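Novice: For reference, the structure I am asking about is given below.
Derivation of every value follows stated rules applied to the coordinates shown; laboratory data play no part. Nothing here was measured: the structure is a model prediction, and the numbers come from that model.
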Amino acid sequence: YATEVCLALAAGRPVPGWAREALPGLPETMQRALRRAADVDHACVDLVEALLLRDHVGDVFDAVVVDVNGDRTGGRVQLVAPPVFGRCEGADLQLGEQVKVRLEEADPARRRVRFSRTE
């Protein structure tokens, strides 16, 4: 849209009606496109994490709690190595706490990894 507007103005022609009519809806269109791009990006990262860990189900990893459910019985952790995020179930998780977690699931088809607290 912006290119069409600039080309028309630079050539001394009126801005095409279709471009002018589309401009008010442009912020919403751009926002939807950004959300879709972010969703694709997250899905790709989730897939790579699941592929990376699929042969390590049952292994124990060092991790840091990066998000906690309201009742503190679960949340999200980030492994120290490899730097993977995932859901974690476990009693009394504290934000920022270093914990040991067991990989319970690494499912590339569902792009999901899931851990449980071991300590």
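Novice: With axes computed from alpha carbons, what is the tilt in degrees of helix 26-53 against the longest principal axis of the chain, rounded to the nearest 10 within 0 to 90?
Specialist: With both axes taken from Cα atoms, the answer is about 30 degrees.
Novice: Show me, for segment 56-66, the HN-Hα J-couplings you get by feeding each phi into the Karplus relation (A = 6.51, B = -1.76, C = 1.60, θ = phi - 60°), rounded to Hz, glycine and proline as x.
Specialist: Result, rounded to whole Hz: 10, 4, x, 6, 9, 10, 7, 8, 10, 6, 10.
Novice: Here is a follow-up. Based on a Kirkwood Rh over C-alpha pairs, give the Stokes-Einstein translational diffusion coefficient of the chain at 25 °C and viscosity 0.890 mPa s in µm²/s.
Specialist: 143 µm²/s
Novice: What does the extension gain come out to for residue 9 and residue 73, with contour length at 0.36 nm per residue minus their alpha carbon separation?
Specialist: Taking 0.36 nm per residue and subtracting the Cα distance, the gain is 17.0 nm.
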